[in-house]
Amino acid sequence: MQPDPEMLVRGIRDRNQQAVARAISIIADRRPGWESLLDAVGKEPRTATFIGITGAPGSGKSTLADAITSFYRAGNRRVGIVAVDPSSPFSGGAILGDRLRMQDHAGDPDVFIRSMASRGRLGGLAPATAETAAILAMAGYDPVIIETVGVGQSEVDVMSVADVVLMVLVPGNGDSIQALKAGVMEIGDLFVLNQADRPGSDRLLAEVNAALRLSGDEDCLSRVFQTVATEGRGVPEVATGIDAFLGSLQSDAEKAASRRERQFLRLVNLAVHDMTDEAFEAYRKSGCAPTEGGTSWSEAVRVATGFLDWLRTRPN
Amino acid sequence: MSFDEIDQKWVQGSLAKTLAKAPERQPAFTTPSGSEIRRLYTPADSRVGTDPVQYSERIGFPGTFPFTRGVQPTMYRGRLWTMRQYAGFGTAKESNRRYRYLLEQGQTGLSVAFDLPTQIGMDSDSPMAAGEVGKVGVAIDTLADMEILFDEIPLDRVTTSMTINAPAMVLLAMYIAVAGKRGIPASELGGTIQNDILKEYIARGTYIFPPRPSMRLITDIFGYCTGNVPKWNTISISGYHLREAGCTAVQEVAFTLADGIAYVEAAIKAGLDVDDFASRLSFFFNVHNNFIEEVAKFRAARRIWAGIMRDRFGAKNPKSWMLRFHTQTAGSTLTAQQPENNAIRVAIQTLAAVAGGTQSLHTNSRDEALGLPTEDSVRLALRTQQIVAYESGVADTIDPFGGSWAIEAETDRIESEALEYIGEVDRLGGMIAAIEAGFVQKQIQDSAFRAGREIDDGTRRIVGVNCFQMENEVEPEILQINPETEACQVASLEAIRKARDNDAVAAALAAVKDAAVSGANLFPPVLQAVSAYASLGEICNVMRDVFGEYREEVVL
Amino acid sequence: MKRRIRILIAKPGLDGHDRGAKFVARSLRDAGAEIIYTGIRQTPEAIAAAAVQEDVDFLGLSCLSGAHNRLFPEVVKLVRELGGQDIVVFGGGVIPKRDWPGLNEAGIRFIFGPGTPMSDVIAVIRENAPADAELAP
């Protein structure tokens, strides 16, 4: 059954939930007709704000997304959410559970939540996250919140999709401190120190401020927020911070330019992803790839490096 | 000291004292072939661990530290366990009829099952209650329902256990108010409220408020009951539901006792003295089919708890060291296939619970994997207990399996593995922190998944399910809930709302709100509110406004 | 290459017994499906909205409290109203056989009682999946 892209686009504009949902599937799964639908979505000028949320596992990303949604709903804005969870490397299946922490909006037709599996992608997003967000924007959801996988790896993809990225950190979490040291601070535009009612939150605040100052940010106070997302505490301040960040940073023209650039970057990313998939398959079949497996990150990096060398030197 | 000397010390000490107060059921106990059954078999009989110091520290005597062999010196030779069938369905009137039937059949205590809206503090006319009213238990909205539920039941003579957690204060207040109207003072009332919120977050799901205000409600109940309802067991710290959710016997002991530690800590922090409330703590365990592990589990739990209370919390009163518990046979072991086999499973489990020294017991009915039990099934379940009590002989000597090498070794294993888990919970910052981090849920889910997979691939055999199956089974008759129940309940609630003094209700609810905000003990204003016929949902909604609501957070 | 089957596993009503639902979710994940899991205490409205927004192929409902006759058909009705015409709905939990015909008629295509082997559930999902979707190959 070949869907009619025009009808789908009309359905998206009419805010028909089923049409929106199906359009997302068509692009995410590369179902027949996905190219023309992608073109139609790409042509649409975007005005909605994309808010990225990233952070270590257990830092409360979904709960923060839920609380931010409540804040915008109180102002009668329609909110879209794209939540990414990891696919199992063994079966390729996934359990997508972020929706569970967004129960305040379950059944609210003005909140559209879409869960996506990372499907092997490493940058923290699912392959068609940006397109999904764009479809939600087209259906009048603004803002669209994008929540990354959150498995503790460097999840940089969200930078190229979101207008503003919230890095969520929690006290007493070894990963957070690790993140500060590993320079993942660069991913976040704003820093949300969640679970601020827990012991150690003041120390975390001091650490984040110090790290920001070290990186040359004199005005770090306007970029760091403390929240208790389960109770909605500190969330209005985060929302104000998002507006201030977006407003102060650029003129409208700059914003549009940067957005165009990001959109194109995304398309390139998508193409690279597809081409690399193919090339890697060829590499594996070429007999040049190491045959013994491994489990660690460093072993994976070693295999990837071998792959890149092979790419550079292969005949065609 | 020689073994005979320490044995004599017990015989002349606490045993003699108990016998002087309460003689045993029979002057002598004998086997069917006429030989004497001794009160207790010890290393002197079994040649296990005859070192008297080791014996008295690790195993000891019934009624003395560490209570491995039981909490009373005469155990079932003095008084049998309480046979307490969990029951309730439909309206208060229907449930009242079932309670009276059970008491006529020789049951010795009541155990009230509430429906899910009641357990979650919602009135029957709440939109979320649709379809659930009267289904898994009785629907209670106001004091009027509670009056009908206990109609003609002698509250001064039976003890009543109520499976109620998040709104436990409200239901206990209703019970006290019903008794009060009949002239029975609260100080005379005996029974138990489950009141164990931590396991609701972990496994059972009938929470309302977030952990902190929930813990405060619990310590308010402890505080109020110590002075006003002294015979009431104010909490039943439950491993039952953790086990139903799929954990192992070791995890059941460990997480239940870790919950217990959290409640004791909360009460001490709220300013109570440990010896003032500890003897009112009771426990609730599951019992599965693996007989040896289950018997050992109960013995290990008693030994660990005694140590925790004496050494960790410095309780001085020996009563504070005793782990007293209710047991229910395992619902999760019942099969929908060949349901009559369930009667056999329940019999084995009953035997294990009794050999493990339970203080009260519920036996499941054979048809509960299919739906609510019929009257016939419930009677068979009760008869199972009576046969074990009066015919099997296991009640005639104390801790009959104590000293068995297998049982003692299992007891030691469960103890040491459970202590390891408790240590892990401590390292995570206590039970509330461990639950918030998802640690406990993950442990339980992993065990459940492993068990499920083993059943699925046949490595764990379940008769009738993955072996010895039968074709074309005919499903037996099961109980049907009257489809009119919900409408009837909603109508009667509406009638009460019209008939009551609504000014008095509003004033009482305002007082509840004040106490919720100020931190004053909530029990007195809640008692006031139920007496004015404020509904359960109305009272809980006031608290929801102040405390907020808990949301499930952990996935898989 | 075929896409992965998407399944929503949901618990309508107030029942907190989620052991079975979680076991099914995890087993289907291991069989290669993408599972959306929404936790306990879901209203029929929330479940229907989730099924449609997530564009799932299957919707599995679990209930052990006896409220299935009221809640399951309500979910199916709402799913269809929101446009989820091809979503295959199945149910599990403590559901007496005498209720099965009525539930089937209300659009709950398959019912899995206690003790159903996962292989049966997986077989039903394979047989009824859309042509372009699959579990792990």
* To do: Could you look through the stretch B:193-209, keep only residues that are in contact with a Phe, Trp or Tyr (Cβ under 6 Å, 6 or more places away or on another chain) and at the interface with another protein chain (Cβ under 9 Å from one of its Cβ atoms), and pick out the one that is surrounded by the most Cβ atoms within 10 Å (Cβ to Cβ)?
  => B:Tyr207
* Structure fact -> Taking first residues from the stretch C:93-115 that are free of Cβ contacts under 8 Å to residues at least 12 places away in the same chain and second residues anywhere that are assigned to a loop (DSSP other than H, G, I, E, B) and among the hydroxyl-bearing types (Ser, Thr, Tyr), the pairs with Cβ under 8 Å that are 6 or more apart or on different chains are C:Gly115/B:Thr335
* Looking at the stretch C:62-81, which of the residues that are more than 10 Å from chain B (Cβ to nearest Cβ) and in contact (Cβ under 8 Å) with a residue 40 or more places away in the chain is surrounded by the fewest Cβ atoms within 10 Å (Cβ to Cβ)? -> C:Val75
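So, B:Leu479, is that one in contact with a helix residue (DSSP H, G or I) (Cβ under 9 Å, 6 or more places away or on another chain) and either away from every other protein chain (no Cβ under 12 Å) or free of Cβ contacts under 8 Å to residues at least 12 places away in the same chain (or both) or not?
On the way: in contact with a helix residue (DSSP H, G or I) (Cβ under 9 Å, 6 or more places away or on another chain): yes; either away from every other protein chain (no Cβ under 12 Å) or free of Cβ contacts under 8 Å to residues at least 12 places away in the same chain (or both): no.
The answer is no for B:Leu479.
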* Asked: Would you say C:Pro96 is surrounded by fewer than 20 Cβ atoms within 10 Å (Cβ to Cβ), out of contact with any Ser or Thr (no Cβ under 6 Å at 6 or more places or on another chain) and not hydrophobic (A, V, I, L, M, F, W, C)?
  -> no
* Asked: Looking at the stretch C:82-101, which of its residues are under 13 Å from the mean Cα position of the chain (by Cα) and away from chain A (no Cβ under 14 Å)?
  -> C:Val88, C:Val89, C:Phe90, C:Gly91, C:Gly92, C:Gly93
* **Of the criteria (1) more than 26 Å from B:Gly205 (Cα to Cα); (2) within 14 Å of another protein chain (Cβ to nearest Cβ), which one B:Ala448 fails** => (1)
* Unique match (being more than 9 Å from chain B (Cβ to nearest Cβ) and surrounded by fewer than 24 Cβ atoms within 10 Å (Cβ to Cβ)) among C:Glu45, C:Glu54 -> C:Glu45
* Give the stretch B:315-349 a look and list any residue that's of a type outside the set (A, V, I, L, M, F, W, C), in a helix (DSSP H, G or I) and within 21 Å of the chain's Cα centre (by Cα), or say none. => B:Lys319, B:Ser320, B:Gly331, B:Ser332, B:Thr333, B:Arg345, B:Gln349
* To do: List the number of the failed condition for B:Glu424; all other conditions in (1) over 19 Å from the mean Cα position of the chain (by Cα); (2) touching a residue at least 40 places away in the same chain (Cβ under 8 Å) hold.
  => (2)
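Being facing another protein chain (nearest Cβ under 8 Å) and either crowded, with 19+ Cβ neighbours inside 10 Å or under 13 Å from the mean Cα position of the chain (by Cα) (or both): is that true of C:Arg109 here?
Details: facing another protein chain (nearest Cβ under 8 Å): no; either crowded, with 19+ Cβ neighbours inside 10 Å or under 13 Å from the mean Cα position of the chain (by Cα) (or both): yes.
Considered against the rule, which asks whether it is facing another protein chain (nearest Cβ under 8 Å) and either crowded, with 19+ Cβ neighbours inside 10 Å or under 13 Å from the mean Cα position of the chain (by Cα) (or both), C:Arg109 comes out as no.
Quick one: in the stretch B:89-123, which of the residues that are of a type outside the set (A, V, I, L, M, F, W, C), in contact with a strand residue (DSSP E or B) (Cβ under 8 Å, 6 or more places away or on another chain) and without any contact (Cβ under 8 Å) to a residue 60 or more places away in the chain is farthest from the other protein chains (Cβ to nearest Cβ)? Walk me through how you get there before you give the answer.
If we filter the stretch B:89-123 for residues that are of a type outside the set (A, V, I, L, M, F, W, C), which is where we start, we get B:90-91, B:93-101, B:104-109, B:111, B:115, B:117-119, B:121, B:123.
Now restrict to residues that are in contact with a strand residue (DSSP E or B) (Cβ under 8 Å, 6 or more places away or on another chain): B:90-91, B:94-95, B:98-99, B:106-109, B:111, B:115, B:118.
This time we only want the ones that are without any contact (Cβ under 8 Å) to a residue 60 or more places away in the chain, so: B:95, B:99, B:108, B:115.
Working: B:Ser95: 15, B:Tyr99: 20, B:Thr108: 28, B:Asp115: 8 Å.
Among those residues, the one meeting the criterion is B:Thr108.
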* If we only count helices (runs of 4 or more DSSP H) wholly inside the stretch B:473-534, which ones have 1 or more residues that are exposed (fewer than 14 other Cβ atoms within 10 Å of the Cβ)? -> B:485-499, B:502-518
* Which residues, taken from the stretch B:80-131, are surrounded by fewer than 22 Cβ atoms within 10 Å (Cβ to Cβ), modelled with pLDDT of 95 or more and within 30 Å of B:Pro62 (Cα to Cα)? -> B:Leu80
* Which residue pairs have Cβ atoms closer than 7 Å, lie 6 or more positions apart in sequence or on different chains, and pair a first residue in the stretch B:383-398 that is over 13 Å from B:Leu361 (Cβ atoms) with a second residue that is of a type in the set (Ser, Thr, Tyr) and assigned to a loop (DSSP other than H, G, I, E, B)? -> B:Gly393/B:Thr31; B:Thr397/B:Tyr41
* Among the residues of the stretch B:427-461, count how many are surrounded by 15 or more Cβ atoms within 10 Å (Cβ to Cβ), in a helix (DSSP H, G or I) and without any contact (Cβ under 8 Å) to a residue 60 or more places away in the chain. => 6
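For the stretch B:486-498, how many residues meet the condition of being touching a residue at least 24 places away in the same chain (Cβ under 8 Å) and away from chain C (no Cβ under 11 Å)? First the steps, then the outcome.
Taking the stretch B:486-498 first, the residues touching a residue at least 24 places away in the same chain (Cβ under 8 Å) are B:486, B:488-490, B:492-494, B:496-497.
Within this subset, residues satisfying the condition of being away from chain C (no Cβ under 11 Å) are B:488-490, B:492-494, B:496-497.
Residues that pass the stated criteria total 8.
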* Asked: Consider A:Pro57 against the criteria (1) touching a strand residue (DSSP E or B) at 6+ places or on another chain (Cβ under 8 Å); (2) assigned by TED's automatic domain parsing to the domain that holds A:Ala162: it satisfies all of them except one. Which criterion is unmet?
  -> (1)
* Restrict the check to the stretch A:40-60 and report whether at least one residue is free of Cβ contacts under 8 Å to residues at least 40 places away in the same chain, crowded, with 19+ Cβ neighbours inside 10 Å and farther than 15 Å from A:Glu155 by Cβ. => no
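Could you tell me whether any residue of the stretch B:127-148 is assigned to a strand (DSSP E or B) and either in contact with a Ser or Thr (Cβ under 7 Å, 6 or more places away or on another chain) or away from chain C (no Cβ under 14 Å) (or both)? Talk me through it step by step, then tell me what you get.
Going residue by residue through the stretch B:127-148, those that are assigned to a strand (DSSP E or B) are B:138.
Imposing the further condition that a residue be either in contact with a Ser or Thr (Cβ under 7 Å, 6 or more places away or on another chain) or away from chain C (no Cβ under 14 Å) (or both) reduces the set to B:138.
So far as the stretch B:127-148 goes, yes, one or more of its residues are assigned to a strand (DSSP E or B) and either in contact with a Ser or Thr (Cβ under 7 Å, 6 or more places away or on another chain) or away from chain C (no Cβ under 14 Å) (or both).
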* Across the stretch A:93-120, which residue is modelled with the highest pLDDT among those that are more than 14 Å from chain B (Cβ to nearest Cβ) and surrounded by fewer than 20 Cβ atoms within 10 Å (Cβ to Cβ)? -> A:Asp110
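The values are calculated or read from the model by the stated rules, or taken from the named source; none is laboratory data. Please read all numbers here as calculations on a predicted model, not as lab measurements. Positions of Cβ are backbone-derived with ideal geometry, glycine not excepted, and every protein chain shown enters the neighbour counts.
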